[in-house]
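Shown next, in structure tokens, is the structure this report addresses.
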Amino acid sequence: MRAPAAAAAHTGQAELMPLDWRAMTAADLDAVAHIAAIGFPDHFEGRDCFGNRLALNPSGCFVLAEANGEPRGYMVAWPWRAGAAPALNTLIEAIPAEASVMYLHDLALHPEVRGSGWSRDVVERLARQARDAGWPALTLVAVNDAAPFWERRGFAVVDSPAMTTRLASYGPGARYMVRDLTA
């Protein structure tokens with residue numbers, strides 16, 4: 001992993017931040033919820049949702065942080081049903097028995113570290129991990145006009161009339177996307 005220079009908000013100067021992706025812990029949840037509020041102000045999900053996802057699938061929850069430092073980004077993924085997306089800001093009781101894909105629910109970086117390539121590293125890590133576990137695809141819902149961002153990471157939009165209603169809670173322009181891991 002790389003250690004990019006990131007703009008420091010308080011000084012305007014570039015500071016070296018030796019960041020790395022690591023497993024998320026319960027101690028990270030406040031920072032994760034804060035980053036989510038910055039990255040997705042129109043798609044609120046509370047700290048309890050992130051705690052729920054961490055409990056459901058700890059191997060799919062990551063934070064970007066300095067060693068022993070506060071998270072500067074996060075990613076959350078868990079096994080789910082193909083062609084489906086859970087409602088926002090709801091707790092999930094269990095991974096569905098009929099789960100057939102790895103669902104990448106959230107990836108967000110603090111503005112100070114955006115644009116440094118960090119998302120590419122963790123998405124590829126998740127893709128390898130999911131492929132090794134036998135999942136045939138990664139899926140996600142792109143919001144905030146992020147479909148081109150996800151296309152650059154190997155995802156393709158899948159238009160499905162069945163998903164149109166489900167995506168309404170994700171806002172206008174939400175797109176269901178899939179990355180095939182079998183190739």
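The values are calculated or read from the model by the stated rules, or taken from the named source; none is laboratory data. Here the structure is a predicted model, which is why all the values come from computation and not from measurement. For neighbour counting, all protein chains shown are included, and Cβ atoms are generated from backbone atoms with ideal geometry for every residue, glycine included. Heads up: the accessible areas ignore ligands, DNA and RNA and are worked out on the full protein's heavy atoms, side chains in. Shrake-Rupley method; radii C 1.70, N 1.55, O 1.52, S 1.80 Å.
Observations, loosely collected:
- Residue tally, condition surrounded by fewer than 21 Cβ atoms within 10 Å (Cβ to Cβ) and within 12 Å of the chain's Cα centre (by Cα), over the range 33-54: 2
- Helices (runs of 4 or more DSSP H) completely within the range 87-183 that count 1 or more residues being acidic (Asp, Glu), at pLDDT 95 or above and farther than 19 Å from residue 22 by Cα: 147-151
- Complete set of residues in the range 55-81 that are open to solvent by less than 20 Å² (accessible area, probe 1.4 Å) and assigned to a helix (DSSP H, G or I): 60
- Test for residue 106: is it farther than 23 Å from residue 88 by Cβ and either touching a strand residue (DSSP E or B) at 6+ places or on another chain (Cβ under 8 Å) or in contact (Cβ under 8 Å) with a residue 24 or more places away in the chain (or both): no
- The range 141-167 residues that are among the hydrophobic types (A, V, I, L, M, F, W, C), paired with ones that are at pLDDT below 90 and assigned to a helix (DSSP H, G or I) (beta carbon under 8 Å, 6 or more apart): 141/167; 141/170; 143/170
- Extreme residue, farthest from residue 115 (Cα to Cα), among residues of the range 158-183 that are open to solvent by less than 70 Å² (accessible area, probe 1.4 Å) and in contact with a helix residue (DSSP H, G or I) (Cβ under 6 Å, 6 or more places away or on another chain): 181
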